[in-house]
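A short worksheet on the structure shown next.
The values are calculated or read from the model by the stated rules, or taken from the named source; none is laboratory data. Given the structure is predicted, the values throughout are model-derived calculations rather than measurements. No Cβ is skipped: glycine too gets one built from the backbone with ideal geometry, and neighbour counts run over all protein chains shown.
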């Protein structure tokens, strides 16, 4: 299928502006099946980031290709500037999947510049979250989770976004409706171990505490009932990608040492002396360390496998704390 305009209620976006660029996210194009077997027209899908690209790949099946713009875990989507080739991919897409919530504003802006845009599924829009200055107007420190852009770590937003992708695919290629419905059922079945792990953690993690070197896992931590013991000053600095004050770092280390933290969540995709210093402090204090990543490390793997491995590690860590 090539460019066509379809309007869905879920595509209304509050778009953020961003400048052009020539950076590379080591994008890739995949086909989960054989488009020759598609009972309808194949759909060209472009995903801004791999977190949602992996899900789209499984939902498309034989009826399309998925191009992921930022596929490399070494690239920070917040600061990414799309190349001319990336912009061309958006212009040729039938469906664009974005995270939203100011995480990948460059992708939203790229779509906004098109004369006749593709269908857009935004995880933030599906979740009813605001983007840009309106989100800032409603944000406060006590409610920081509401503006946390790491939406793929929310076990309620993930299935809702997947359903929106399936709806968009079906609207674009109605003759393949049964195929997309079958792919959605298969994906829902694959999601069951992840859902079971979340449910199990909601029992074992309730009332337990965690601290995190970065905020990427906060939505999942909240969903399973963990209490955030990360010092507020450190958390604010991490959210703003700035260095924490010495006092905030000392407060973090003290919390690890005095038993105020049951588990340390460590983003292994972030290098630097401060995260490693906190990891060492946790290990010295006997606090289990759970490694998480902001984006999938194995691009040929599945979203469910990636998330389930981390949830299993968290469950194991909590089982080793009193």
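Among helices (runs of 4 or more DSSP H) entirely within segment 162-277, having at least 2 residues that are farther than 25 Å from residue 318 by Cα, assigned by TED's automatic domain parsing to the domain that holds residue 77 and at pLDDT 95 or above singles out 177-204. Looking at segment 73-83, can you tell me whether even one residue there is under 21 Å from the mean Cα position of the chain (by Cα), farther than 26 Å from residue 186 by Cα and in a helix (DSSP H, G or I)? Among the residues of segment 73-83, not one is under 21 Å from the mean Cα position of the chain (by Cα), farther than 26 Å from residue 186 by Cα and in a helix (DSSP H, G or I), which makes the answer no.
Within segment 285-315, the set of residues being without any contact (Cβ under 8 Å) to a residue 24 or more places away in the chain, assigned to a helix (DSSP H, G or I) and farther than 19 Å from residue 270 by Cα comprises just one member, 305. A count restricted to segment 40-69 and to residues that are outside any helix (DSSP H, G or I) and surrounded by fewer than 24 Cβ atoms within 10 Å (Cβ to Cβ) stands at 8.
Evaluated against (1) within 18 Å of the chain's Cα centre (by Cα); (2) at pLDDT below 95, residue 113 falls short on exactly one condition, (1). Among the residues making up segment 250-265, a single one is within 12 Å of residue 212 (Cα to Cα) and surrounded by fewer than 21 Cβ atoms within 10 Å (Cβ to Cβ): 253.
Let's see how each residue does on (1) in contact (Cβ under 8 Å) with a residue 40 or more places away in the chain; (2) within 30 Å of residue 216 (Cα to Cα):
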{"residue": "155", "(1), (2)": "yes, yes"}
{"residue": "159", "(1), (2)": "no, yes"}
{"residue": "165", "(1), (2)": "yes, yes"}
{"residue": "173", "(1), (2)": "yes, no"}
{"residue": "178", "(1), (2)": "yes, no"}
{"residue": "190", "(1), (2)": "yes, yes"}
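Would you say residue 132 is modelled with pLDDT under 95 and surrounded by fewer than 24 Cβ atoms within 10 Å (Cβ to Cβ)? When the stated conditions are applied, residue 132 passes them.
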